[in-house]
1. Of the residues Ser20, Ser48, only one is in contact with a Gly (Cβ under 7 Å, 6 or more places away or on another chain), outside any loop (DSSP other than H, G, I, E, B), surrounded by 11 or more Cβ atoms within 10 Å (Cβ to Cβ) and in contact (Cβ under 8 Å) with a residue 12 or more places away in the chain; which?
2. Looking at the range 51-84 only, could you name the residues that are open to solvent by less than 30 Å² (accessible area, probe 1.4 Å) and assigned to a strand (DSSP E or B)?
Amino acid sequence: MTLQVPSTSRHSFRFGLPPSLGNETARERADRLAAFLQRALGKLVEVSVASSYETLAKDLLSGRADAAWAPPFVCARMEAMGVRVVVRGVRRGMSSYLSL
């Protein structure tokens, strides 16, 4: 899921990734994502890998990140705090699930 907070006027776009992939894999993907977003947006893009889910949430809330890719539990917590979810995972036509 992707979260987005209102951006202040800056020359760069800052995107956060969760720590779940491991540092090396996440860093490689961050570099590829930054290159893609820079081409798409036509501006400098900084992609960072958060050290924890809590750090990712704090970066969004504080404005240190303009948007982030986050797991559902982080998105739900951020959405409850007023951060807008712009992309939501859907499985079998539903954006929620129940585990028994």
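1. Ser48
2. Matches in the range 51-84: Ala67, Ala68.
The values are calculated or read from the model by the stated rules, or taken from the named source; none is laboratory data. Keep in mind that this is a model prediction, so the values were computed, not measured. Note that we place each Cβ from the backbone using ideal geometry, even for glycine, and neighbour counts take in every protein chain shown. The area values use the complete protein model at the heavy-atom level, side chains included, leaving out ligands, DNA and RNA. Shrake-Rupley method; radii C 1.70, N 1.55, O 1.52, S 1.80 Å.
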